[in-house]
Amino acid sequence: MLTLTEIADDPLVLTRRLALEGGSEVVFRPLARADAERLAGFLEGLSPESRRFSTQDGYDLVAARELCDAIARYDKLRLVLEEAPAGRIVGLLEFSLDLHPDDIARYQEADIPLAATDCRFGPTLADDYQGKGVGTHVFPLIADVARRLGRKRIILWGGVLAGNPRAIRYYEKSGFRPVGTFAEADGTRSLDMLLDLDLLPGQ
């Protein structure tokens, strides 16, 4: 089982090149401490709509530096998608290996006790990479990372907004199933979804 320290010490253990439709390529790799400025460019370039669906606390260089400084310090693993050969960051993929008490309580209400072998996951793509099947191409790598971290199930980080049907379809296509709904602080409804990695096709 990989640890966050091992990944930080040897990012190549999770680095992959991925061919996309149309012949372009992206590099799937762990976030690095030297990525702050490029990550800031990614965050700053997200539209208000993309930010509404995101889980980030900020969208500037300060926020990017905080994410880079947190590498291997807490319970988070962050990976990026990077255009090849340009080097532009076009995706941020986040794992949290600790479970939030609110998540534990909501899933318990749905008769699904969460365990130490579960993790949270949340993706964000650049606006010009959305709706092009990139998430579907990347998801087998995401599932592999979760397994290598010793996880058996994935829940959505903060759920998914009920008013985001495209994201819900993506998660369902990837093998997630809905387990319940809840209200955000502003009253909007979100959907909890869970993926059992052992139930993915070919497993």
- Mind listing whichever residues of region 113-123 are outside any loop (DSSP other than H, G, I, E, B) and either of a type in the set (F, W, Y) or touching a Lys or Arg at 6+ places or on another chain (Cβ under 9 Å) (or both)? D118, C119, F121
- Condition met for A185 (open to solvent by less than 50 Å² (accessible area, probe 1.4 Å), more than 28 Å from E21 (Cα to Cα), part of a loop (DSSP other than H, G, I, E, B) and out of contact with any Ser or Thr (no Cβ under 8 Å at 6 or more places or on another chain)): no
- Message: For the condition under 21 Å from S50 (Cβ atoms) and over 19 Å from the mean Cα position of the chain (by Cα), what is the one hit in E109, E184?
- Response: E184
- Item | Check on L195, under 26 Å from I7 (Cα atoms) and outside any helix (DSSP H, G or I) | yes
- Test result for I168, open to solvent by 30 Å² or more (accessible area, probe 1.4 Å), free of Cβ contacts under 8 Å to residues at least 40 places away in the same chain and more than 13 Å from the chain's Cα centre (by Cα): no
- Under 7 Å between Cβ atoms, at least 6 apart or on separate chains: pull out the pairs that start in region 114-132 with a residue that is at negative phi and touching a residue at least 24 places away in the same chain (Cβ under 8 Å) and end on any residue that is among the aromatic types (F, W, Y) and open to solvent by 30 Å² or more (accessible area, probe 1.4 Å). R120/W157; F121/W157; G122/W157
- Message: Checking P178 against (1) over 19 Å from Y74 (Cα atoms); (2) in a strand (DSSP E or B); (3) under 13 Å from the mean Cα position of the chain (by Cα), only one condition comes out false. Which one?
- Response: (3)
- Count of region 60-85 residues which are at pLDDT 95 or above, among the hydrophobic types (A, V, I, L, M, F, W, C) and closer than 17 Å to R17 by Cα: 3
- For residues in region 141-161 being modelled with pLDDT under 95 and either in contact with a helix residue (DSSP H, G or I) (Cβ under 8 Å, 6 or more places away or on another chain) or not in a loop (DSSP other than H, G, I, E, B) (or both), which is most open to solvent (accessible area, probe 1.4 Å)? L161
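The values are calculated or read from the model by the stated rules, or taken from the named source; none is laboratory data. Model, not experiment: these values are computed from the prediction. Cβ atoms come from the backbone with ideal geometry, glycine included; neighbour counts cover every protein chain shown. Surface areas here come from the heavy atoms of the whole protein model, side chains and all, with no ligands, DNA or RNA. Shrake-Rupley method; radii C 1.70, N 1.55, O 1.52, S 1.80 Å.
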